[in-house]
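What follows is a set of notes on a single structure, which appears directly below.
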């Protein structure tokens, strides 16, 4: 019998409700799969006891009838989410030993809906990275391989553990967070679906902050329908997050009906990059054809400030991070450096932060400190915020002209080898986010959906960008691509 | 704009991150690569453009100015590297 861990959320839900399987059985199969997955390094704090308790409770709730869709569904939680009494380190040594006394709103929403926590998932340190190579827990390995090679590939980042865990069927779905592409890029690298909702859809409360004006949580799942189901459970208005929105949360799954006739899909010319592999170009054209075939109208559009999105991001995100991460000072939680005789509080701060933060985080915090420092604030930070306004206006103008959604590639390449970028300068790594980062700057919803394989057999994703609060419409469009692309490939198990 | 070793030292101190002397030149070089990338923003005409302050078009909600939480001293201190007598403990700050 095939392990129940291989089920999708929607299939598991239907079979749980039919009494065909129990959450306890489903959970055991996931725990067994996790046991055998050390080579992937996706799960970093396992919580089998919590999982078994929650599964038992879910089974009772399902038996009593009227259980929500996520009831009994085993999930992995990105380490960035604070989970009560369970290690939550944001992939950093500076939060070594930290066990929150509280639960993030998003994870609480999932537990309230009856979901089961299998454990915490690896990620780039403080979500800063695009390859999951900056984690204090070590690299995550992508379950996919190039043809018959055994080169270890990146699952992408920062939600690399979430992506690898879902792609390898260690869990049915996982939470991710996305500040510049951290859900969509790893989803594309591992052949799964990931959606970053509109800024304000998911509460940020209890999620370790990276760049507060860009951070959003979202689901990472095996297919589009599952993303709809899980996203709905994650969203809520939350008084504890002042930017949380109280727009009503629709039944996203119900909005997947395959009918996209008459929708106007924009194809932005600025996303056609020099040096982009021909396969990505082809995939994009195929995706366009699929939507056209389904009755959508294809319109060439221009988003003229696209090329400034990455540089603006690399001012704004480090600036916000330098402020947010000031709290890691060795006083209230996590690591504190040992002091030599005569050393005082400044040495404590400086040594603690030098020991606790990895190189990438240190570099970004210092860049952020620099762009906010006296004399440079206007030249860098305020300039970047003005450019951000222009990037947002680009989108507003095409939406005002009647465009319903925008289709782009999700990433400029397929997954690359771990360590392959080690000698590149930091800017080369930033380019991974070239197609995704605009969406965060503008606060829009974006979804990555697998649409094909490259010649080495690695998955490639397409991205759809929607108007604010139109996640339902976006999921429906993504479903059309998913169906027509017929993407069913799975990585062959080697781990 | 080019960052020298002296500026790198100053920025590290402002960020409260200890950087050993021999690492400063390399750090300055990395900063310059990143800042060179950011310089592209200088091409953009930003006259008459307001800096973006709100991500989604919404008004921040107001709430009553009342206490909504508190009385959790033990929980707040539970993760502290050093807590004594109900306080966070740190090295001596005042001489």
If each part is reduced to its alpha-carbon centroid, the range A:26-42 and the range A:109-147 end up apart, in Å, by 13
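Mind checking the alpha-carbon convex hull of chain A and giving the volume per residue in Å³?
144
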Assertion target for A:290, A:421, ordered by fewest C-beta neighbours within 10 angstrom first, is A:421, A:290
Mean other chain Cβ within 10 Å across A:90-100 is 1
Exposure proxy check on A:252, A:376: fewest-to-most Cβ neighbours within 10 Å is A:376, A:252
On each of the three principal axes the extent of the alpha-carbon atoms of the range A:224-299, given in whole Å and largest first, is 46, 30, 22
Ratio for chain B, C-alpha Rg to 2.2 N^0.38 Å, reads 1.81
Applying the gyration tensor rule to the Cα atoms of the range A:417-469 (axes a ≥ b ≥ c; rounded if a/c under 1.5, else prolate if a/b exceeds b/c, else oblate), the class is oblate
Between the alpha carbon centres of the range A:436-495 and the range B:1-66 the gap in Å comes to 32
Rounded to whole angstrom, the alpha-carbon centroid of the range A:206-243 lies from that of the range A:292-310 at a distance of 25
Cα convex hull volume per residue for the range A:404-495, in Å³, equals 124
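Readers should treat all values here as calculations from the given coordinates under stated rules, not as data from a laboratory. Treat the numbers as computed from the prediction; the structure is a model and nothing was measured. Virtual Cβ from ideal backbone geometry, glycine too; neighbours counted across all protein chains shown.
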